[in-house]
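Where a number appears in this text, it was derived from the coordinates with a stated rule and is not lab data. These numbers were taken from a predicted model, which means no experiment stands behind them. A quick note on method: Cβ atoms are made from the backbone with ideal geometry, for glycine too, and the neighbour counts reach across all protein chains shown.
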Amino acid sequence: MRKDLEEIFSAGLAAADPAEAVSRSLHVEGGSLAASGRSFDAENVFVVAAGKAAGAMARAAAELLGDRVSGGLVVTKYGHEPGPEGFETVFSSHPEPDERGVEAARKVQEMAEGLGEGDLLLALISGGASALLADPAPPIELADLKRLTGDLLRSGADIGEINTIRKHVSVLKGGGLVRLAHPAPTMALLLSDVVGDEPSSIASGLTAPDPTTLQDTRRVLDRYEIEPPESIAAHLQIAEETPGPGDPIFDDVVNLICGGGRHAAEAASEKARELGYAPLLLTTTLTGDALGAASMYAAIVREVLASGNPAEPPCAIVSGGEATVSVRGSGTGGPNQEFALALAIELAGVEGWAAFSADTDGNDGSTEAAGGIVDGETAQRVREGGVDPDEALANNDSHAALEAGGALLVTGPTGTNVNDVRVALISGG
């Protein structure tokens, strides 16, 4: 079943192809650029592409627009695809920001501030843009932003909560990019990496009205008992609210979801069907702790094997979304690897199943693995590799455990980023 799982994951990635997402969403109509039923003059188009899929999205836009592009800037992660010829590419760090991210944010700010009437900003946004554009509001220093980001990532806060904080300590996020570009209109194509595909949550809402407030920011910090650095605490005391719904600066703004996790999960389901497994797509909005998600999957696998409910084998249990990890130890891994290891432990010795959990960008957490691919023998193989799987799980060291058991799923950078995909195949035999 491992080969089948690899084919299923590949199908999910293909459905989230960023270049195809741009090509099917953006149209040139005479002298105008159209998307989502709106059109704007396209004589002077300035392109900002930010995120892990920025290079591919910018290339597709450049092919479509040709000499209508008056300026182009791509901000993406180290090792990912650069922008097309004629575009400037800045590589920066993810998930924690670095000085190159500060430089990238400054260049985006300068481009946006230089726009006027008759210009159009085409924003191509994909997952990872929040961290890649390190834009701390003055006088916040990068070191303080990095410390806060690290605390949030270790806290178990979900991406929506993390982005609530980011919006209120930033220059570009929370609609800041639109505010800088105004009165020039903005057309934004969003390759969604957040559950629910809410534009204000994707990349911390660079081009969308912000429904969150400074009070929401304080609630998140209190909930996870995070004490922000002094410069950030001081900023939050005097900061202005971000532009919210109803602000007139958004009258000439289009935010279009051009691709997302649902595309990947549905394509994975269809590939499973082609391979002979009846697919059951549970949800594309799974959130919460990875251990809880693994326990749910384990229960479903046992139920299918015991009773044929909720689907008769051979079947595929599919979900999308974004799980989180509550840090308990000092190991290395990510939510997908933690899910895979926990599932392998819960179903150790059980035959007739195999599963993967993977991040569509190819990097789960801060590791080089996309996730893990496991079955009923994985836990034993981990032990034979010299690692105690239970101790590794308790120490959040899923990467070392799966590596020892030959159960890492490694793809390299995929060029896209649309949440996580989890699939369990149950053959019943």
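Between the residues G376, G205, F250, the greatest Cα displacement towards the positive end of the dipole of the chain, with unit charges on the Cβ of Lys, Arg, Asp and Glu, is found for G376.
Could you give the nm distance between label points at E391 and M296, where each point is 7 Å from its Cα heading toward the beta carbon? Taking the simple label geometry, E391 and M296 are separated by 3.2 nm. If you add up the charges near D361, with Lys and Arg at +1 and Asp and Glu at -1, over every other residue whose beta carbon is less than 10 angstrom from its beta carbon, what do you get? That works out to -2. Think of the chain as having a plus end and a minus end, set by charges on the Cβ of Lys, Arg, Asp and Glu; of A401, I238, S366, A401 sits farthest toward the positive end of this dipole. GNM remark for the chain: springs join alpha carbons under 10 Å apart, and the peak mean-square fluctuation among L172, L132, L33 falls on L33. Note on the chain: with a GNM built from Cα contacts shorter than 10 Å, the maximum mean-square fluctuation among K77, K271, K173 falls on K271.
Close amide-amide hydrogen proximity is noted between G288 and T324, each under 5 Å apart and 5 or more residues distant or on a separate chain (H modeled in the peptide plane; Pro and chain starts excluded). Build a GNM of the chain with springs between Cα atoms under 10 Å apart, and of P18, P248, P183 the one that fluctuates most is P248. In nm, give the distance between the simple-model label positions of A278 and Q237, each being 7 Å from the Cα along the Cα-to-Cβ direction. Simple spin-label model gives 6.3 nm for this pair.
Peptides 215-228, 395-408, ordered by how many other C-beta atoms sit within 10 Å of their residues on average, highest first, read 395-408, 215-228. Can you give the % of DSSP beta bridges in the chain that are antiparallel, to the nearest 5? Around 45 percent antiparallel, to the nearest 5. The GluC sites (Glu not before Pro) of segment 1-97 that meet both conditions, a loop assignment by DSSP and at most 11 other Cβ atoms within 10 Å of the site Cβ, are E85.
Give the distance, in whole Å, between the Cα centre of segment 310-357 and the Cα centre of segment 1-58. Cα centroid to Cα centroid, the span is 30 Å.
Think of the chain as having a plus end and a minus end, set by charges on the Cβ of Lys, Arg, Asp and Glu; of G320, H27, G160, G320 sits farthest toward the positive end of this dipole. By the scheme Lys and Arg +1, Asp and Glu -1, what is the net charge of all other residues having a beta-carbon under 14 Å from that of V304? Net charge around V304: -2.
Evaluated with a Cβ-only charge set (Lys, Arg +1; Asp, Glu -1), segment 308-429 carries a dipole of roughly 100 debye about its Cα centre, given to the nearest 20.
Dipole magnitude for the chain: computed about the Cα centre from +1 point charges on Lys and Arg Cβ and -1 point charges on Asp and Glu Cβ, it is near 280 debye.
Note on the chain: helix-only mean residue ellipticity at 222 nm, from DSSP H runs of 4+ residues weighted -39500 (n - 2.57) and normalised by residue number, equals -11500 deg cm²/dmol.
Overall size of the chain from C-alpha positions, given as principal axis extents largest first: 66, 51, 36 Å. Taking other C-beta atoms within 10 angstrom as a stand-in for reagent exposure, T149, T212 fall in the order T149, T212, fewest first.
Restricting attention to segment 17-259, close to 20% of DSSP beta bridges with both partner residues there are antiparallel. Against the chain, whose longest principal axis comes from its Cα atoms, helix 335-346 is set at around 10 degrees. Short-range pairs are left out: with C-alpha atoms under 8 Å and at least six residues apart, the relative contact order of segment 17-259 is 20 percent.
For L409, neighbours were defined as the other residues whose beta-carbon sits under 10 Å from its Cβ, and their charges (Lys and Arg +1, Asp and Glu -1) total -2. Of the residues S192, S326, S204, S307, the one with the fewest other Cβ atoms within 10 Å heads the list, and the complete ranking is S307, S326, S192, S204. A simple spin-label model places pseudo-atoms 7 Å from Cα toward Cβ; at Q215 and I249 they are separated by 2.2 nm. From the alpha carbon centroid of segment 280-297 to that of segment 100-118 is 39 Å. Annotation note: chymotrypsin sites (Phe, Trp or Tyr not before Pro) in segment 244-345 located in DSSP loop regions with a Cβ neighbour count of at most 12 within 10 Å are absent. Axis of helix 142-155 versus longest Cα principal axis of the chain: the two differ by about 30°, to the nearest ten degrees.
Looking at segment 262-426 alone, DSSP beta bridges between its own residues are antiparallel in about 70 percent of cases. In order along segment 279-295, the Karplus-derived 3J(HN,Hα) couplings, from 6.51 cos²θ - 1.76 cosθ + 1.60 at θ = phi - 60°, round to x, 10, 8, 5, 5, 10, 10, 5, 9, x, 5, 4, 5, x, 5, 5, 5 Hz, and Gly and Pro are given as x.
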